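Structure, as structure tokens:
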Amino acid sequence: MNRSERTWKWWKRSAGFEPLPTPLHEIIRERHPDAVATGMAPNQWDSGPGAPAYQEVPSVYFMAASDETTEQEELIMSSLDEATKELLAIEGATGAAIVDYTSGMALAQGGNPGFDLGVAAAGNSNVVSSKLRTMADLGLDSSIEDVLITLDSQYHLINVLNSAGSKGLFVYLVLDRTYANLALARHKLNNIAKAIAI
């Protein structure tokens, strides 16, 4: 499974879907009473005489089946949630997110920095992508470690992950300038970021 598929599954897990008005097994039993007994495959359910040329039952079936998450994916989600908690434990931290900059989607996020972290994650994905393109245009053969944005009352730290297991991700950390020690926060952020992999 590639990262875009995993990101989509993560979004499904976070956002969820509205439940079907009728349970799926009842739909199958009603439309195909002997499907279970005979072991018919989903693509054979509508192949009998008089069946319409096209029905949407198989698409409902496959959408329900794709909602499953593997044990490995659950472990990844759990490790990202744990990393977010560690980031929020840094003194002065008010918000944190782990973001896939190819899609702009936050895979994990937490805290209350006073603005929408999902919107900030998408916006900062553009910052990272733009900087990487500029470096490529300049022929700079190097990696971005972090980007610091200083506001009147906050520090915004973007730590770009470059290891094999985390390429394409960055950590976004929001710090309150009144309480944060920037040097110490960067040190702790780097240590936490090294352990992130999916």
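The values are calculated or read from the model by the stated rules, or taken from the named source; none is laboratory data. Just so it is clear, the model here is predicted, and its values are computed rather than measured. Counting neighbours? That spans all protein chains shown, and the Cβs are built from the backbone with ideal geometry, glycine included. Side chains are part of the model used for accessible areas, which takes the heavy atoms of the whole protein and leaves out ligands, DNA and RNA. Shrake-Rupley method; radii C 1.70, N 1.55, O 1.52, S 1.80 Å.
Among the residues of the range 166-191, which ones are more than 18 Å from the chain's Cα centre (by Cα) and aliphatic (A, V, I, L, M)?
Hits for the range 166-191 are Val174, Leu175, Ala180, Leu182, Ala183, Leu184, Ala185, Leu189.
Test each condition in (1) more than 17 Å from the chain's Cα centre (by Cα); (2) closer than 18 Å to Ala193 by Cβ; (3) at pLDDT below 95 for Ala93 and report the one that comes out false.
Of (1) more than 17 Å from the chain's Cα centre (by Cα); (2) closer than 18 Å to Ala193 by Cβ; (3) at pLDDT below 95, only one is false for Ala93: (3).
Sort out for me the strands (runs of 3 or more DSSP E) sitting completely within the range 80-182 that have 2 or more residues that are small (Gly, Ala, Ser). It would help to see each step written out before you state the result.
On the way: elements: 93-100, 105-111, 146-150, 154-160, 169-176.
Per the criteria, 93-100, 105-111.
Does any residue of the range 99-107 turn out to be open to solvent by 40 Å² or more (accessible area, probe 1.4 Å), β-branched (Val, Ile, Thr) and at pLDDT below 95? Can you show your working first?
First pass over the range 99-107, keeping only residues open to solvent by 40 Å² or more (accessible area, probe 1.4 Å): 101-103, 105.
Okay, now just the ones that are also β-branched (Val, Ile, Thr), so 102.
Keeping just the survivors that are at pLDDT below 95 gives 102.
Within the range 99-107 (the criterion being open to solvent by 40 Å² or more (accessible area, probe 1.4 Å), β-branched (Val, Ile, Thr) and at pLDDT below 95), the answer is yes, since at least one residue qualifies.
Got a number for residues in the range 145-180 being buried (at least 16 other Cβ atoms within 10 Å of the Cβ) and in contact with a strand residue (DSSP E or B) (Cβ under 8 Å, 6 or more places away or on another chain)?
Final tally of qualifying residues: 19.
Given (1) at pLDDT 50 or above; (2) at positive phi, identify the lone condition not met by Gly39.
(1)
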